[in-house]
Amino acid sequence: MAEMHAPLVKVAGLSRYFDVSAPWLNRVLDGQPRLILKAVDGLDFEINRGETLALVGESGCGKSTVARLVVGLYRPSAGSIVFDGVDMAGLGGRAEMAPIRRRLQMIFQDPFASLNPRGRVSAIVSEPIRAFRLLDDERLIVERVGQLLRQVGLSPVDGEKYPHEFSGGQRQRISIARALSSQPEFLVCDEPTSALDVSVQAQILNLMKDLQRQLGLTYLFISHNLAVVRHIADRVGVMYLGRLAELGPAKTLFALPRHPYTRMLLDTIPDLDMTGRQRTPVAGEVPNPINPPTGCAFHPRCPFANDRCRSERPEPKLNDTGSTTACHAVEEGRLPAGPLTQAA
Amino acid sequence: MALLEVERLRIEFPTRRGTLVAVDDVSFSLQEGEVLGVVGESGAGKSLTGNAIIGLLEPPGRIAAGEIRLSGRRIDNLPYEEMRKIRGKQIGAVFQDPLTSLNPLYSVGQQLIETIQTHTEMTPTQARTRAIELLAEVGIPGAERRVDHYPHQFSGGMRQRVVIALAICVNPRLIIADEPTTALDVSIQAQIIALLKRLCRDHGTAIMLITHDMGVIAETADRVAVMYAGRVAEIGPVRSVIKEAKHPYSHGLMGSIPKINDDKERLEQIEGSMPRLTEIPSGCAFNPRCPQAFDRCRVERPDLMNAGDTLASCWLYAHG
């Protein structure tokens, strides 16, 4: 058992490569090389007990792959994931994984696809209890399911219904009840509110915060929505093409972003305060991850890129605000503080 | 005269268990060169309203009552061929998913040229030149080369630019944009919003922008209509609706949006969810969720009424 002040999850050098080559015969006939997609490429982060770490980024940046790696749905190609002192990458079969599995659960994006349409809600929610043999007595299981449903704002009688009888928000509540039923300490949430309408999103975000406080949960929260992340997270990591561009406390990261990509992302958020701020949309798109740019992957879109950025990959370094930033320009002090638009 | 007038529009879906009213008594108008945002949650009827205007309502949905007029001419009861001439020439459309709006078997140039030649007298060479101009105008680099590429060779953001080029290719006076940025990443979304704004300014095109994203509306629209359960809850200048919404629903909706420079511990939340079409309550459709509902709200349905800067369909603003 690790000490209490140690981080609950510690990820070091985490990488996951996918082989996206053409079939062997085609490769031989056409003389094509193997193609490797580096979805996640050397990630380091820690998550402390009771905190929420959010990973943000655009599609294809590898954030969902990280979520799947952390819960063990993918095996890492390199690096380690240490959960409460145990390296999950080193664990062999199902039996060795089982005690850890109970303690971490996942909530998926699409509440329409992640619930078995033929199962009653009570069966869906009680499945982890049965799978991990947490309770034997059927009466106790029924009681526990009712308690879980109440905890997520549903009623115990809803257990008799099927998923199709519920709206998207209610289904996401069922997913949360199911995730909580094995009494986990750590929840990995992959875009849990992206499929929901804003008013329902607010209900789910509030529920997740309440549950975190009541049960002392730790969250890894994956999202593309910066405003949602700002609201829910204690610390935020900004991902770009499989690597962390910047990682730091949510407050600092949003108030004093250092990495040019973070600044660009913040600049794209529509202005709900109607201050009439002029935004300069940054040109360009995320490059193909199969063939990423050399050096810093962001350099083709970065207004501050120089020769070093084009050739040498920047490593994450602690900056003056207490965040870590992987950027040569920040490290060399070439970058003025403040919003990108004023600096550029 | 307004460019587009929608008056007491009602869209119904006949089903075996009775008729569902998906859009009920919706009225609004759009001036030349104006951007009207239509915002609401899924199922509020915003896309149906847009589809009804361009005459692409999917059966069994049908317009059961009301009128749609473009520059004073009634267009909701036109025969299919007549409407086809208006669509594309006078009303352009941009949909959410750029991949399904383009034909994968034709190059984007062929699709642009076909549209241009359907609506104008241009020769093939002229049409091709125009197609290249259009691609350049919507910000596609290397337009001369890209014109011969197929949709799959474009990224999502670039595809949406092609769709916008298709929508504006014969200078329509109105564009119906249904969730044009929803399928795109935030940085691309900002680029597309900027593009739509520029087109609206340069050509004086009016845009009806349908979205669930209040941020997009705040950036783009002049006026905004908030829809709830097939009805317009509130309509007014975008600033007034965002800063001081009068209808309890639009107020709650604004409060439930997480904001980037906000340290609120909890978001405001509206309890419950939007009713299904089969279960729309009597009186005001929002009354079971409304913190300020009183007796009248439960029995009598409010029309849009004057609520200061905006019009709100809410009995709180009944005078006398």
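The values are calculated or read from the model by the stated rules, or taken from the named source; none is laboratory data. Note that the structure is predicted; figures quoted are calculated from it, not measured. Cβ: placed from backbone, ideal geometry, glycine included. Neighbour counts: every protein chain shown.
Data overview
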| item | result |
| --- | --- |
| Residue that is modelled with the lowest pLDDT, among those in the range A:2-25 that are surrounded by fewer than 12 Cβ atoms within 10 Å (Cβ to Cβ) and more than 28 Å from A:Leu241 (Cα to Cα) | A:Glu3 |
| Selection from the range A:224-238 of residues that are in a strand (DSSP E or B) and surrounded by fewer than 24 Cβ atoms within 10 Å (Cβ to Cβ) | A:Arg235 |
| Inter-residue pairs, beta-carbon under 9 Å, first among the basic types (Lys, Arg) and in the range B:264-283, second part of a loop (DSSP other than H, G, I, E, B), 6+ apart | B:Lys264/B:Pro258; B:Arg276/A:Ser167; B:Arg276/B:Gly43 |
| Residue match in the range A:115-122 (condition: at pLDDT 90 or above, surrounded by fewer than 16 Cβ atoms within 10 Å (Cβ to Cβ) and part of a helix (DSSP H, G or I)) | no |
| Failed criterion for B:Thr211 (all others in (1) of a type in the set (Ser, Thr, Tyr); (2) over 18 Å from the mean Cα position of the chain (by Cα); (3) within 28 Å of B:Gln189 (Cα to Cα) hold) | (2) |
| Any hit, the range A:244-251, residues being within 11 Å of chain B (Cβ to nearest Cβ), modelled with pLDDT under 95 and either within 26 Å of B:Ile242 (Cβ to Cβ) or surrounded by fewer than 24 Cβ atoms within 10 Å (Cβ to Cβ) (or both) | yes |
| So A:Ser114, is it under 30 Å from A:Gly159 (Cα atoms), hydroxyl-bearing (Ser, Thr, Tyr) and more than 14 Å from chain B (Cβ to nearest Cβ) | yes |
| Residue in the range B:294-311 that is modelled with pLDDT of 90 or more, crowded, with 20+ Cβ neighbours inside 10 Å, of a type in the set (D, E, K, R) and more than 30 Å from A:Leu256 (Cβ to Cβ) present | no |
| Flag for B:Arg301 being in contact with a Cys (Cβ under 7 Å, 6 or more places away or on another chain) and either without any contact (Cβ under 8 Å) to a residue 60 or more places away in the chain or part of a loop (DSSP other than H, G, I, E, B) (or both) | yes |
| Scan of the range A:186-195 for residues that are surrounded by fewer than 22 Cβ atoms within 10 Å (Cβ to Cβ) and facing chain B (nearest Cβ under 10 Å), ordered by number | A:Ala195 |
| Conditions (1) more than 30 Å from B:Tyr150 (Cα to Cα); (2) touching a helix residue (DSSP H, G or I) at 6+ places or on another chain (Cβ under 7 Å); (3) of a type in the set (S, T, N, Q); number of the one not met by B:Asn77 | (2) |
| Condition met for B:Ala221 (more than 22 Å from B:Leu48 (Cα to Cα) and in contact with a helix residue (DSSP H, G or I) (Cβ under 9 Å, 6 or more places away or on another chain)) | no |
| Residues being assigned to a loop (DSSP other than H, G, I, E, B), in contact with a strand residue (DSSP E or B) (Cβ under 9 Å, 6 or more places away or on another chain) and either at the interface with chain A (Cβ under 8 Å from one of its Cβ atoms) or loosely packed, with under 12 Cβ neighbours inside 10 Å (or both) - total across the range B:277-290 | 0 |
| Meets criteria (small (Gly, Ala, Ser) and in contact (Cβ under 8 Å) with a residue 60 or more places away in the chain) for B:Gly55 | no |
| Conditions (1) surrounded by fewer than 21 Cβ atoms within 10 Å (Cβ to Cβ); (2) at pLDDT below 90; (3) within 7 Å of chain A (Cβ to nearest Cβ); number of the one not met by B:Glu265 | (3) |
| Any strands (runs of 3 or more DSSP E) falling wholly within the range B:161-257 and containing at least 1 residues that are within 14 Å of chain A (Cβ to nearest Cβ) and farther than 18 Å from B:Ser313 by Cα | B:206-211 |
| Criterion: among the aliphatic types (A, V, I, L, M), crowded, with 16+ Cβ neighbours inside 10 Å and in a strand (DSSP E or B) - qualifying residue of B:Leu20, B:Leu57, B:Leu48 | B:Leu20 |
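One line per residue, one yes/no per condition, for (1) in contact with a strand residue (DSSP E or B) (Cβ under 6 Å, 6 or more places away or on another chain); (2) surrounded by fewer than 18 Cβ atoms within 10 Å (Cβ to Cβ); (3) among the β-branched types (Val, Ile, Thr); (4) modelled with pLDDT of 95 or more:
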| residue | (1), (2), (3), (4) |
| --- | --- |
| A:Asp137 | no, yes, no, no |
| A:Gln183 | no, yes, no, no |
| A:Asp197 | no, no, no, no |
| A:Val200 | no, no, yes, no |
